[in-house]
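Only the coordinates and a few stated rules stand behind these numbers; no lab work does. Just so we're clear, the structure is a prediction, and the values are computed from it rather than from any experiment. Counting neighbours? That spans all protein chains shown, and the Cβs are built from the backbone with ideal geometry, glycine included.
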Amino acid sequence: MKHRGFTLMEAVVTVLLMTMIYMASISAVRGFYNHLQVQQALRTATSTLYWARFQALEKNKPIRLSRAEQNWEIAIRSGGKWMLIRVVKYTREVVTKFSAEPVFYPQGNVAPTSSIDLMVKNRHYQITLAITGRIKVKRIV
């Protein structure tokens, strides 16, 4: 007599194997997603700094970068006042700290020399602005 179908033991083993594969893939996807969030925050920060420097060169006026809550504000010096020209918004997962508010000048330099600490998903990066306008990103822990 031939038996057709699966035994209860075969079905249980199959379900357990599928559950293990599913759990492994979920943790891999979560790690990949966290990595993407970190990379996006770094790209946003560095591209904002390059953009601010370019605006100073193009408009021949000083550009200041400042932090307001979760946002970065970019202002241009016009008529003795700072006028807001752009706001870059970050999510709650991204924490930034400025050592000083950098000002990009039309000659291409930055003063004061400053650093920006960027923390995302338990990863800490330091973005350093050299006086020449060079931007360097370094991972801290």
Next on the checklist: Go through region 102-132 and report how many residues are over 15 Å from the mean Cα position of the chain (by Cα) and more than 15 Å from Ala45 (Cβ to Cβ).
Outcome noted: 12
Item to check | Residue satisfying condition, being hydroxyl-bearing (Ser, Thr, Tyr) and surrounded by 12 or more Cβ atoms within 10 Å (Cβ to Cβ), within set Ser25, Ser66 | outcome: Ser66
Next on the checklist: Criterion first (touching a residue at least 60 places away in the same chain (Cβ under 8 Å) and basic (Lys, Arg)) does Arg43 satisfy it?
Outcome noted: no
Checklist entry - Within region 92-129, which residues are in contact (Cβ under 8 Å) with a residue 60 or more places away in the chain and β-branched (Val, Ile, Thr)? => result Ile116, Val120, Ile127
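Going through region 71-91 one residue at a time, which ones are among the aliphatic types (A, V, I, L, M), out of contact with any Leu (no Cβ under 8 Å at 6 or more places or on another chain) and free of Cβ contacts under 8 Å to residues at least 24 places away in the same chain? Before the answer, list the steps.
Step one: of region 71-91, the residues among the aliphatic types (A, V, I, L, M) are 74-76, 83-85, 87-88.
After this cut, where a residue has to be out of contact with any Leu (no Cβ under 8 Å at 6 or more places or on another chain) as well, the list is 76, 83-85, 87-88.
Ile76, Met83, Leu84, Val87 - these are the residues of region 71-91 that are among the aliphatic types (A, V, I, L, M), out of contact with any Leu (no Cβ under 8 Å at 6 or more places or on another chain) and free of Cβ contacts under 8 Å to residues at least 24 places away in the same chain.
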